[in-house]
Protein chains: 2
Amino acid sequence: MPSYTAPVRDMEFVLYELLDIGQHADLPGFEDATPDLVSAILQEGAKITQEVFQPLNRSGDEEGCQWNDGAVTTPKGFKEAYQTYIEGGWNGLTADPAYGGQGMPYVLGLAISEMMVSANQSLAMYPGLTHGAIEAIHKHACDELKAAYLPKMISGEWTGTMNLTEPHCGTDLGLMRTKAVPAEDGSYRITGTKIFISAGEQDITSNIIHLVLAKIPGGPKGIKGVSLFLVPKFRLDENGEPGEHNGVSCGSIEKKMGIHGNATCVLNYDDAVGYLVGEEHKGMRAMFTMMNAARLGVGLQGLCASEVSYQNAVTYARDRLQGRALSGPKAPDKPADPIIVHPDIRRMLMTARAFNEGARAVAYWAGLQVDLAERSDNKETRQAAEDLLGILTPVIKAFFTDMGYYNATNAQQVYGGHGYIREWGMEQFVRDARIAQIYEGANGIQALDLVGRKLAANGGRAVRLLLATIQGFIDDNKDNEKLKEFTGPLSEALTRLQQATMWLMQNAMTAPDNAGAASMDYLYLMGHAALAFSWAQIAKVAHEKLAAGQGDAAFYSNKLITGRYYVERMLPDTVAHLAKLETGAHTMMALDADAF
Amino acid sequence: MPSYTAPVRDMEFVLYELLDIGQHADLPGFEDATPDLVSAILQEGAKITQEVFQPLNRSGDEEGCQWNDGAVTTPKGFKEAYQTYIEGGWNGLTADPAYGGQGMPYVLGLAISEMMVSANQSLAMYPGLTHGAIEAIHKHACDELKAAYLPKMISGEWTGTMNLTEPHCGTDLGLMRTKAVPAEDGSYRITGTKIFISAGEQDITSNIIHLVLAKIPGGPKGIKGVSLFLVPKFRLDENGEPGEHNGVSCGSIEKKMGIHGNATCVLNYDDAVGYLVGEEHKGMRAMFTMMNAARLGVGLQGLCASEVSYQNAVTYARDRLQGRALSGPKAPDKPADPIIVHPDIRRMLMTARAFNEGARAVAYWAGLQVDLAERSDNKETRQAAEDLLGILTPVIKAFFTDMGYYNATNAQQVYGGHGYIREWGMEQFVRDARIAQIYEGANGIQALDLVGRKLAANGGRAVRLLLATIQGFIDDNKDNEKLKEFTGPLSEALTRLQQATMWLMQNAMTAPDNAGAASMDYLYLMGHAALAFSWAQIAKVAHEKLAAGQGDAAFYSNKLITGRYYVERMLPDTVAHLAKLETGAHTMMALDADAF
């Protein structure tokens, strides 16, 4: 059976030694986030995720969710685990204190999320989706709705969902058919069918708060006529408690490749009472709030899949005896050497490790931008943070989830034939990891968002900031000889990213297909530049700590080893991405659609 | 529900226009393989695989194999489909006429195998494993065993299996514990436990012929003391019919990620009567016969997964309306354009297509070497064919199955959220494709076989032949201006492969870990060189046919388009593989095993 150990030491390293979140003590919530308190929270988070979440991961997959006449039964133990989680106050960790939250930094919440998803992705999705819904309501709903719904969503007493997709309409939300007809009391009556609603029905909380996109008849056509509504499963009675069942029901749940512990629902809305969130026809704006946070969260799932599958691959690689090292026996007293002596096994392990540690640094860096964007009182700081976050989000979503799936597949490969057998749990990591590449905007959509929207927004301000930030680091450390092995390759990767950016500016305006054709390679180029940037910064800290003789020397030495693996063995992919990108769209678009 | 259409036209193109198998009419079996007959066989093969095999693919996955007290029930319809297959005489298509086979070229059998696996991988594995067993018995067993077993295995009345793995021993067969004790009558008594035995038990034939590796007590230690035995499920009575149940039983079957229609069995041997195949302690030699054929077959499974999932992704991409083309609406009369207009969708489709057509050419080229090696009366021809086959087999096994999984994953991605839902069938392709990277020697083992064994064998004769063959084509066509867009990149890819080969010669002897560290990148370099070589040859034929105004011009023009995509958008990966390879083993091996 697989296990999970939260990488608390590495999380502390990123939060304190790398990002130095202590420097932001002037921000609300950060003043309390002392190293001692953060460490205590991380330790407690490790405990609940390792002891309560993780043991239900395999059984949740095997048992799955069951649908019966509209009701969904979650796997054994999920309800109790969720209860333990909310009773510990975890659900409101980073939420607004005005509604019962603890107001801690978002970036700390991200670390706790990482633990939860690594331990049990299906179970972690219930609070994960709730957080997205909380944010949309918090930012866009009127005070009355906020007062009525936020406290119990923040406490975790109720969960939330996102309802976008319909059978004929996924990416292209302009095709939406679900209707919202205004009622006399100011509310709306929602009618239509939504599909792929994660946690759309469950038996773990007393109410479910659906956020639903729908069109108000007579409004603008297409995407500009979409509004956002809050539709509770049970309408609230005069005491604010769940009362009458609203006109929403779960028609069925999907049989899926993975995440069996979280029901993917068809929700039928039939004259359900809904309340407008934000303005009429401005639903996409509110939904994007939810989606951006969700996309960062989904990107994190890629890291989680990679981390937990890596850990279990390491365990197996140390235990499994098979063959002898090419350089001579390493365990001569045993019938064979552990397979961790074999270079190709290490290639798979080191690739995951180098990704995990670099990706954690990138993800938390992005998470810190959420805090800066929302909590800083300096306008320039907020804008810079929003810019960085906006451009990094699609990269993290797509690059991280592709890598998560890739590394989970490699971790399964380390197990040989046993990796294909369900009871070993490795194939579940692969099946669960797969969804993250698809939901919250398929990865191709992220790439299009990057090159088609984020890159051009505000005259390219965000990409200029990202490039300048990385270049600034290189310049600042140009005399640091020890760091050259990192800043050199970083500089080359940055040059490739700049060259690709230039290519897009020169070629995509006149022929838009060039943007689409370049999008995924461009996204990977940016992902690698971000990872290489993090690794160079990590190496700098490691060298400083080693020079100062501070702390655990092995920890910092291993950082340098792992970082070297990244720049030597992974970063060269950027050469291929640039070469492909610069060939343009013509080979991709030449074939007649009928000729495929 | 997914569908499958056998790519008969492309198979004919490869067999006749590209490989020109007609030039080998002097070989046994080839004289009868006229284009008319070959086409008729391909057409009939298409019919049975599309109409009989494919419709059972989804239901076979959902139902799976059931184990009950030692007996295995295959999914509904499998027995009848298999019966139809053997009644059509398909099982003996390429087998020795002396034992009832039809003696047709192996390469034609490969095309039929491609259809069978594409249509239904689980069902196709039953005859697939039988063919491996037939070959081992045919090459290594005594005449008595051959006469007793081959006719009914070739007719398909009985199936065959391969028994290598034990719980503690997979790759490292020297650790084997299963024992074979000589009996007075010249037979042996086999005792031990074998695991991961595909089709080890089933209800579709009246007997199952197990080929089992075991150690004769007192023999040499390790791998040199392993012998091969034939162990029938039912011992034959005096009429050669299945009689008394032998001492072999199916203890359980595995719950797996995929290939649910084929039981993966634990087989318990308890004093089972077995017959020596080949010489005592020379079991590995016989087993390698079986494994090499099996590895080519497994490599083919990568192509099959890619082909069938590609076909279904194309169907969906043409049907699904979502968004508008970046270059302006393509279906203005519809609410949205079909998603095949989007470049990133085409990236995934074209990558699969360019792989499929190139890989088919490489696989059949390797298949033709099997024919030349076995049927030519010219010793040099046989040796050259064996050399090429030996070096191409691990490349095809690992590179093709990695690409098969990658392309199946991308095909699933084209479906967006629907790809994750079981009923659409795309996620099954991914789950089924996954096993091919693992069984018959995990892909890392293939890479080690390539750099550790095949490369150095006979003083590097095989790799020199491969390099010279490709260089010869480039030289022969150096004045062909039209072909430069293919021969140019091919020449660069070849140079990289040569450089990598040189690097290995210079660095792997002194530090063996460099061989292991380089192995997978080297394998990919060779795989790409082989594919680029095939594409250059395909392009040459296409240009010739277009110039001569022969046949379907669109077919040949599309070949050029697809080939261009390959060289521009896929071949650049070779730059990264070489760069990584040349960094050596140090970053991979530096971390202490305890520090992971």
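Taking amide hydrogens as placed 1.01 Å from N in the peptide plane, the amide H of A:G251 sits under 5 Å from those of A:V266, A:L267, A:N268, each at least 5 positions away in sequence or on another chain.
Ligands, DNA and RNA excluded, the heavy atoms of B:F234 present near 50 Å² of accessible surface to a 1.4 Å solvent probe. Here B:A457 yields copy-to-copy label distances, from shortest upward, of 5.7 nm, the label point defined as 7 Å from Cα along Cα to C-beta.
Each principal axis of the Cα cloud of segment B:511-596 was evaluated for its coordinate range; sorted largest first, these ranges are 65, 20, 16 Å. Only alpha carbons enter this Debye calculation for segment A:180-257, each as an equal point scatterer, and the log10 of I(q)/I(0) it gives at q = 0.26 Å⁻¹ is -1.35. Among the aspartates and glutamates, which have Cα under 14 Å from the Cα of B:K379 when same-chain residues fewer than 8 positions away are ignored? Those aspartates and glutamates meeting the cut-off are B:D371, B:D387. Couplings for segment B:312-328, taken from phi via the Karplus curve 6.51 cos²θ - 1.76 cosθ + 1.60 with θ = phi - 60°, read 6, 5, 4, 4, 5, 5, 7, 8, 6, 9, 6, x, 10, 4, 4, 8, x Hz in order; Gly and Pro are left as x. Accessible surface of B:S206, taken over heavy atoms with a 1.4 Å probe and every protein chain present, rounds to 60 Å².
Accessible surface of A:D333, taken over heavy atoms with a 1.4 Å probe and every protein chain present, rounds to 130 Å². Between the beta carbons of B:F555 and A:T84, assuming R0 = 51 Å, the FRET efficiency works out to 0.20 to the nearest 0.05.
Surface listing: A:C142, A:C65 arranged by accessible area from highest to lowest gives A:C142, A:C65, probe 1.4 Å. Accessible surface comparison of A:D513, B:D20, B:D185, probe 1.4 Å, protein chains only, largest first: the order is B:D185, B:D20, A:D513. Which shape class, rounded, prolate or oblate, goes with segment B:221-302 when its Cα gyration tensor gives a ≥ b ≥ c as root eigenvalues, a/c under 1.5 marks rounded, and past that a/b bigger than b/c marks prolate? The shape class here is oblate. Place a point 7 Å from Cα of A:S252 in the direction of its Cβ. Which residues in segment A:168-194 have their backbone N less than 17 Å from it? Label zone hits: A:168-169, A:193-194. Solvent-accessible surface of protein heavy atoms, probed at 1.4 angstrom with all chains present, puts B:K215, B:K397 in the order B:K215, B:K397, largest first.
Cross-link check: pairs B:K194/B:K224; A:K256/A:K397; A:K540/B:K397 evaluated at a Cα-Cα cut-off of 31 Å; pairs beyond the cut-off: A:K540/B:K397. For segment A:333-338, backbone phi angles converted through the Karplus equation (6.51, -1.76, 1.60; θ = phi - 60°) give residue-by-residue couplings of 7, 10, x, 7, 7, x Hz, Gly and Pro being listed as x.
Rounded to 0.05, the FRET efficiency of the B:D319 and B:C142 pair, given R0 = 51 Å and the Cβ-Cβ distance, is 0.30. Note down the Stokes-Einstein diffusion coefficient of segment B:408-529 in µm²/s, whole number, using a Kirkwood radius over alpha carbon pairs, 20 °C, and 1.002 mPa s. Rounded, D is 125 µm²/s. Each Lys or Arg adds one and each Asp or Glu takes one away; over the other residues whose Cβ falls under 9 Å from the Cβ of B:A462, this sums to +1.
Computed from the Cα positions only, the extents of segment B:452-589 along the three principal axes stand at 56, 29, 22 Å, in decreasing order. Largest first, the extents of the alpha carbon coordinates of chain B on the three principal axes equal 78, 60, 59 Å. In degrees between 0 and 90, to the nearest 10, how far off the longest principal axis of chain B does helix B:143-155 point, with axes built from Cα atoms? Between helix and principal axis, roughly 50 degrees. For segment A:1-89, applying the loop criterion from DSSP together with a ceiling of 13 other beta carbons within 10 Å to the trypsin sites (Lys or Arg not before Pro) yields A:K76. As a calculated quantity, the FRET efficiency between B:A547 and B:K330 at R0 = 30 Å, using C-beta atoms, amounts to about 0.40. A 1.4 Å probe run over the protein chains yields, for the protein assembly as shown, 34 Å² of accessible area per residue, whole-number rounding.
A crude spin-label estimate for the pair B:V8 and A:D479, with each label 7 Å from Cα along the Cβ direction, gives 7.7 nm. Exposed loop sites here are GluC sites (Glu not before Pro) in DSSP loop states with at most 12 other C-beta atoms within 10 Å. What is the longest stretch of chain B lacking them? Answer from the scan: B:280-596.
Taken over the Cα atoms of the protein assembly as shown, the convex hull encloses 170 Å³ per residue.
Label point of B:E62 (7 Å along Cα→beta-carbon): distances to the other copies' equivalent points are 2.4 nm, sorted ascending. Between B and A, roughly 7900 Å² of accessible area is buried in total, ligands, DNA and RNA not counted and the probe set to 1.4 Å. Remark: label point of B:D592 defined 7 Å out from Cα along the Cα-Cβ vector; separations to the same position in other copies 6.6 nm, ascending. Size descriptors for segment A:287-440 (Cα atoms only): Rg and Dmax, in that order, 19.3, 65 Å.
The values are calculated or read from the model by the stated rules, or taken from the named source; none is laboratory data. Note that the coordinates shown come from a computational prediction; the quantities given were computed from them, not determined experimentally. All Cβ positions, glycine included, derive from the backbone under ideal geometry; neighbour counts span all protein chains shown. The protein model used for the area step is the full one, side chains on, heavy atoms only, and it has no ligands, DNA or RNA in it. Shrake-Rupley method; radii C 1.70, N 1.55, O 1.52, S 1.80 Å.
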